[in-house]
Every structure is written in C-alpha cells, then in structure tokens.
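Engineer: Sharing a structure, written as structure tokens. Questions coming.
Read the figures in this text as sums done on the coordinates, not as results from a lab. Since this is a predicted model, take the numbers as computed values, not measurements. Glycine gets a Cβ as well: all are built from the backbone with ideal geometry, and neighbour counts include every protein chain shown.
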Amino acid sequence: MANIIREAIERKQQRLLRRPDVLHRCGISNSTLHRLINTGDFPAPVPLSPRAVAWVETEIDHWIEERISQARPNRNGANCLGGTQ
C-alpha cells in the first residue's frame, strides 16, 4: 500500500500549498506548525515573496505518510512511538 501511495506522489506534479491548506491537510494548529518547523520536525517552507511562504505538496504528503507509519503497530504489538496496544 505504501508503494502505491509513494508512486502516486512521485507522479504528481510539484505544487505549492499555502498555510491554511497545510494546516487543514495535516490537522494541526498554527502554533503546532511553528513548533514543528522550529524543532526540525516538519518540512521548511519555501519563500514566495518577502511576506509569503508555501510548502511543497509532496514534502507534506511524505510527512503525513511518516506520521502514519510511526503510529502503526509493529510485530511486537508496540507502536513505534513506544506505547503498546
């Protein structure tokens, strides 16, 4: 399944997403977005002008895919974040 998603992402033309689209797509708040960027846990924005930024859609899709992978349980019944089910 991950390969199918990855192939679809690679075929997609590069597109830039503005902040409201990123927040909606990721389901996070503006303050969480800033915190994740500052800690290096989120793709950096691309400057469009002195006052405007955007994010590369494929980088956001990859970040979401990584989050999903981390949350799924492994063979031991523990998820990758350290918890158990």
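Engineer: Which trypsin sites (Lys or Arg not before Pro) does region 24-71 hold that lie in a coil by DSSP with at most 13 other beta carbons within 10 Å?
Structural biologist: Loop-located and lightly packed - ARG51.
Engineer: May I pose another question? Tell me, what HN-Hα J-couplings in whole Hz come from the Karplus equation 6.51 cos²θ - 1.76 cosθ + 1.60 at θ = phi - 60° for each residue of region 26-36, using x for Gly and Pro?
Structural biologist: In residue order, the calculated couplings are 8, x, 10, 8, 4, 5, 5, 4, 4, 4, 5 Hz.
Engineer: What residues qualify as long-range amide H neighbours of ALA54, i.e. H under 5 Å apart, gap of 5 or more or another chain, H built at 1.01 Å from N?
Structural biologist: It is VAL46, LEU48, by chain and number.
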